[in-house]
Each structure stands twice: as structure tokens, then as C-alpha cells.
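Colleague: Below you'll find the structure I mean.
The values are calculated or read from the model by the stated rules, or taken from the named source; none is laboratory data. What you are looking at is a predicted structure, and each value in this text was computed from that prediction instead of being measured. Please note: Cβ atoms are built from the backbone with ideal geometry, for glycine as well, and neighbour counts cover all protein chains shown. Accessible surface areas use protein heavy atoms only, side chains included; no ligands, DNA or RNA. Shrake-Rupley method; radii C 1.70, N 1.55, O 1.52, S 1.80 Å.
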Amino acid sequence: MLEKIYVLYMLHLIFQFALTLPLQDVDQNEDLFLMPDLSYLGSSVFKEPNSESGKLVDTWNETSEINPEELGEYAEGDIRFPKKGRNGMIAETFRWPNGVIPYTIEGNFDSDSLKNIERAMDIYHKYTCIKFRGKQSSDDDYIAIVSASTGCWSSVGRIGGRQEVNLQNPGCTSKVGTPIHELMHAAGFLHEQNRFERDDFVTIAWQNIKRGHESNFDKAESSKTTGFGVPYDFRSVMHYSGTAFSVNGKPTIIPKDSTKTEKMGQREGFSRGDITKLNKMYNCPEKTTAVTGSNNGNTNSNSNAESNKTDNKNENKENSNPLVNIAQGIIHALFQKTKAQRK
């Protein structure tokens, strides 16, 4: 009995302390939560748009073994930030509030390119809780989709103010997967093959990489990024092709499982893992369940079944604990108060 009283008292203290936190701090913490730390990219993210990347994309066609965004002279090929960012030394990034990404289309796109951009957005709307909508006068932060002859590139996440997503026409708009890829950067995601645990799944053939492009294969730090519980995903629309940045046409990324080779670098659309990660970052895992039948990106159906059984068992056990119910009630009251104050 005394233990229960102690727990309830501690919950009361936590609740009272939380109510004293300024709302701005809550907003900022929400923005930073689960966003990737880009410090491992260093100053390479601030490269200026260049015509050399555009010339390479001009020579690209759909029969190429690589993707057009892998031709850029930017960080990892297609990641760049303007030097006017929130912090002059590092690239800081934030989530888009409520998953809403305002946009303008400012490029000179032909009708087929526009259709593929619109189709990419429709795919986001169908499978995720990300919502693209036209910029309104009240929107300070938004993406401007442009078509300069400087390749395919984007910043990662919301960086503040107007930020460009460049889709050189038609190289970066021929396949719907390229706009999906660049928009997924804008939503806050990095490349799949740069995950910290990638060496468990692929071998990087450093001897085949173009000189000066080795940093494109640097790994993110495990303490500063998350895979949202989704296993390494060869089918991700964010994965490089097997010969990306090759100096001799030989593979630069070699799967340790030889059956995965043909799956890398696809640009046809989202993998189930992509959908799962997007919806977990933007707090709508129920959307994943609705469109895939599962709330995680594991492609092993047996593992999914066992995982779901375990999760459900633990959830039912927790829900039967009256102290947990009380805690949930307090948390609910806190969020309701926060919402009301924001309005």
C-alpha cells in the first residue's frame, strides 16, 4: 500500500513539474526528437549548386545502372544545405509540424515531369500521414521545387524559411522514385546504405569508388540516428544502386546476401520499410497498419506475427495495471492542457 502511495506521489510531482515547462521548450523538443544528426557529413553539406552535376544528369537515361541523384557532387550525392541555415557551423534539421509540408513549384517543368511530381505527392498521401499542400501566406517554412541544371538534391528535414528541392528536368523526374527520394530527404531521412549497422549487411568496395567520393559512404553514428525499428532495407527508395560512384563500373556496394543484389537502388516507389519509418517519425503508425497490415518494416511474416503477439501481450499486461492507467490519465490531461494553451 505504501509503495502505491509513493508511486502516485511521484507521478503527481512529475505532473506538476511538467506544467511549469514553457511551451516553446515543448515545441523545440518535439521538433528535435528522432531527427537525424547531420554532423557526420561535415562541411560537405554546404556545397553550392554546380553545373557539373547538371551535365552528368543530362547524360543520364532510364537504362542507366545508377540513379540520377547518385551523379551529384554534393554530400552523399544529393544532400545540400544553404549556408544561411539556422546555425552557420552545423546543419540543423527539424520535423514538419503535423507532417504538413507547404510547397511551391517554381521550376520550368514539362507536363510529364509535373505529373510525376504530383504522382509522387499522391503516393505520400496514400501511404503516409505526410501532407503536401500549396504554400499559404502564413507559411514561413516551405519547400520550393525548382528545376535548375544542377542535378537532383535536397536538404534533410525542415531547415527554416524557403528551402529548395531541385529536380533537374527531365533526368530527375523521369522515374517517380526520384521525386519520392528527394522529398523523403526533405521529410527528414538520410540514405539507407549510410546506416550505422550497414556493415552487417553490405560490403563497401572502397577500391571501386571514385577518388574524392569516399565520404559518400561514411556511416552515420548509432547514437545520433535511428532506424525506427525497421531492419536494413535493400528495397528502400533511399538506398543507392550497387555501382553508385563507381570509378570502373564495378560494384561499390556488395550485399552479403547475394539474393539482395537486384533489389538495391529501385526507384519505383516506397518499400514497406520506407512507409513504416515515415509514419513512425510523424507519429501515425496506424497508417502503416492500414496500408500494409503491419506496423513495422520487417519483411519476415513469421517474425511480424511473433513480434505482434509479444507486443499485444505486453500491452494487455500493462493496461491491466491501475497505476499505469492513472499515469496515462495524467499524461492525457497534460497534453490536453498543452493543446488548449497553444490554441
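Colleague: Pull out all pairs, ordered by first then second residue, where Cβ-Cβ is under 8 Å, the residues are six or more apart or on different chains, the first lies in the stretch 211-222 and is in contact (Cβ under 8 Å) with a residue 60 or more places away in the chain and of a type in the set (K, R), and the second is open to solvent by less than 70 Å² (accessible area, probe 1.4 Å) and part of a helix (DSSP H, G or I).
Modeller: Going by the 8 Å Cβ cut-off, the qualifying pairs are K219/Y40; K219/N194; K219/R198; K219/D199.
Colleague: Tally up the residues in the stretch 55-79 that are open to solvent by less than 10 Å² (accessible area, probe 1.4 Å), hydrophobic (A, V, I, L, M, F, W, C) and either over 17 Å from E192 (Cα atoms) or in a helix (DSSP H, G or I) (or both), please.
Modeller: The qualifying residues number 1.
Colleague: Counting only residues that are under 16 Å from K277 (Cβ atoms) and open to solvent by 10 Å² or more (accessible area, probe 1.4 Å), how many does the stretch 180-200 have?
Modeller: Residues meeting the conditions: 5.
Colleague: Hey, another quick one. It is to be established whether one or more residues within the stretch 232-247 are assigned to a helix (DSSP H, G or I) and either open to solvent by 10 Å² or more (accessible area, probe 1.4 Å) or of a type in the set (F, W, Y) (or both).
Modeller: Step one: of the stretch 232-247, the residues assigned to a helix (DSSP H, G or I) are none.
Looking through the stretch 232-247, none of the residues is assigned to a helix (DSSP H, G or I) and either open to solvent by 10 Å² or more (accessible area, probe 1.4 Å) or of a type in the set (F, W, Y) (or both).
Colleague: Looking at E52, is it over 19 Å from M184 (Cα atoms), part of a helix (DSSP H, G or I), out of contact with any Phe, Trp or Tyr (no Cβ under 6 Å at 6 or more places or on another chain) and modelled with pLDDT of 55 or more?
Modeller: yes
Colleague: Sort out which residues of the stretch 115-142 are in contact (Cβ under 8 Å) with a residue 12 or more places away in the chain and open to solvent by 50 Å² or more (accessible area, probe 1.4 Å), and write them in order of number.
Modeller: Within the stretch 115-142, R119, K126, Y127, K131, R133, K135, Q136, D140 qualify.
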